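Asker: I have a structure I would like to understand better, so I am pasting it below and will then ask my questions one at a time.
Laboratory data are not the source of any read-out in this text; all were calculated from the coordinates shown. Remember, predicted model here, so these are calculated numbers, not experimental data. We place every Cβ from the backbone using ideal geometry, glycine too, and count neighbours over all the protein chains shown.
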Amino acid sequence: MWDHTKVTKAIFVCGAAEGGTELNAFDNALLSAGIGDVNLIKVSSIVPPHVTFSDSVPELPKGAFVPVVYAERASTTPGETIAVAVGAGRAPDGFGVVMEASGKSKAEVEAEVREKIEEAFRVRSLELTEVRIVATEHRVERCGCVVAACVFF
């Protein structure tokens, strides 16, 4: 059985979708990101040194309680572009910091996340050796949502 207390990996995912309501759009964006059938437990933005970054989403049991850092943005303004990003930086020992941003374009939120990561490392006097960022944007048709997440498993 999957045990959320034994987290050893993290993956970065993002998704975008429309829905009948903002909550449905959020749910659909989570499904688009591959994390729509689990319970997200929002955690603060620290990556333990022993956690490695994965490139594929594992098959998590439906209803599992999963630690995650995420950003989301919803809108009901047709034609508006919405965007989110999540990223992490790592020090040589593997310790990491996760940051998130929301805004109006993929480029804007990616740059904002990078700046936040750099500041987090600067104030901790840590060397930044690795950065991973995922971002997405979506042009709203009727009711849209974007989500980006760092999922721990």
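Asker: Which FRET efficiency, nearest 0.05, do Glu119 and Asp37 yield, Cβ-Cβ r, R0 35 Å?
Answerer: Calculated transfer efficiency: 0.50.
Asker: In addition: Quick one: length gained pulling Ser44 to Glu127 fully straight, 0.36 nm per residue minus the C-alpha distance?
Answerer: That pair, Ser44 and Glu127, stretches by 27.8 nm at full extension.
Asker: Now, a different point. List the aspartates and glutamates whose Cα sits under 13 Å from the Cα of Lys42, skipping any in the same chain fewer than 8 residues away.
Answerer: The reachable aspartates and glutamates, counting only those whose Cα sits under 13 Å from Lys42, are Glu72, Glu100.
Asker: Going toward the positive end of the dipole of region 10-153, with +1 on Lys and Arg Cβ and -1 on Asp and Glu Cβ, which of Ser45, Ser56, Ala149 do you reach last?
Answerer: Ser45
Asker: Extending each Cα 7 Å along its Cβ direction at Lys6 and Ala107, get the distance between those two points in nm, one decimal.
Answerer: Label at Lys6, label at Ala107, 4.6 nm between them.
Asker: Right, another one. Only Cα pairs under 8 Å and at least 6 apart count here; give the relative contact order of region 7-152 as a rounded whole percent.
Answerer: For region 7-152, the relative contact order is 36 percent.
Asker: Ok, one more. Between [x] 18.8, 64; [y] 15.4, 46; [z] 20.7, 69, which matches Rg and Dmax of the Cα atoms in Å calculated for the structure shown?
Answerer: Answer by label: [y].
Asker: Work out, step by step, the length gained on full extension between Glu22 and Lys62: first 0.36 nm times the residue separation, then minus their alpha carbon distance; give nm to one decimal.
Answerer: Net length gain for the segment: 12.1 nm.
Asker: Would you mind computing, in nm to one decimal, how far apart the modelled labels at Phe53 and Thr77 are, each placed 7 Å from Cα along Cα→Cβ?
Answerer: 3.2 nm
Asker: Taking the Cα centre of the chain as the origin, how large is its charge dipole in debye, to the nearest 20, when only Lys and Arg (+1) and Asp and Glu (-1) carry charge on their Cβ atoms?
Answerer: Charge dipole of the chain: 200 debye, to the nearest 20.
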